[in-house]
């Protein structure tokens, strides 16, 4: 059985759930007001194996690192360990998301080209939307082809805040 150590921290954008495995690798991060989405993603990713959520304070120091990020140390999350289920394509997209530097954005089509799959922008978008580790696997750094803020499960206002927080100037 997969044990998920869970903490909740306050952020300027609301309460944030942080779930890590017993090796202190992030497995999921989501907003408290999106508990239904979090539970759905956990069941989707870990249905083959049973999992149990267990309260934990600052598992592996991850909660403090995320708090540091929200306090202005945007590099605090750059090298946090993660572990995800998902398909090989989803994991490829999620790995590519971690390569987008803070303060920069990429369009879905650009990410598809970078992955050697031109024309797969919609598939990249779907993988982006299935990302269970928001913020650390920065799906918010992917925007629409015309510079529009599209598709962030936590809400467009949070996406805009995160991008501004990381130094991306929105017009």
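Nothing in this text is a laboratory measurement; each read-out follows from the coordinates by a stated rule. Note that the coordinates shown come from a computational prediction; the quantities given were computed from them, not determined experimentally. Positions of Cβ are generated from backbone atoms using ideal geometry, with glycine treated the same way; all protein chains shown enter the neighbour counts.
Quick look at the values:
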{"item": "Taking only Cα atoms of the chain, radius of gyration then Dmax in Å", "result": "15.3, 47"}
{"item": "Selected from 62, 26, 41 as most flexible by GNM, with the chain as the system and alpha-carbon contacts under 10 Å", "result": "41"}
{"item": "Length added when fully stretched, residue 40-residue 113, from 0.36 nm per residue minus Cα-Cα", "result": "23.3 nm"}
{"item": "Exposure proxy ranking, count of Cβ atoms within 10 Å, fewest first, for 98, 146", "result": "146, 98"}
{"item": "Bins of 10 Å, starting at 0 and running to the largest distance - Cα pair percent for segment 88-165", "result": "21, 61, 18, 0"}
{"item": "Length added when fully stretched, residue 52-residue 75, from 0.36 nm per residue minus Cα-Cα", "result": "5.2 nm"}
{"item": "Burial ordering of 70, 89, fewest other beta-carbon atoms within 10 Å first", "result": "89, 70"}
{"item": "Fewest-first ranking of 36, 30, 95, using other Cβ atoms within 10 Å as the exposure measure", "result": "36, 95, 30"}
{"item": "Nearest 10 degrees, 0 to 90: helix 156-165 Cα axis against the chain principal axis", "result": "90"}
{"item": "Helix-only CD estimate at 222 nm, as mean residue ellipticity for the chain, using -39500 (n - 2.57) per DSSP H run (n ≥ 4)", "result": "-9500 deg cm²/dmol"}
{"item": "Over segment 2-77 - Rg/Rh using Cα atoms and the Kirkwood inverse-distance radius", "result": "0.97"}
{"item": "DSSP beta bridge pairing in segment 2-77, given as percent antiparallel to the nearest 5", "result": "70"}
{"item": "Angle in degrees between helix 35-46 and the longest Cα principal axis of the chain, rounded to the nearest 10", "result": "90"}
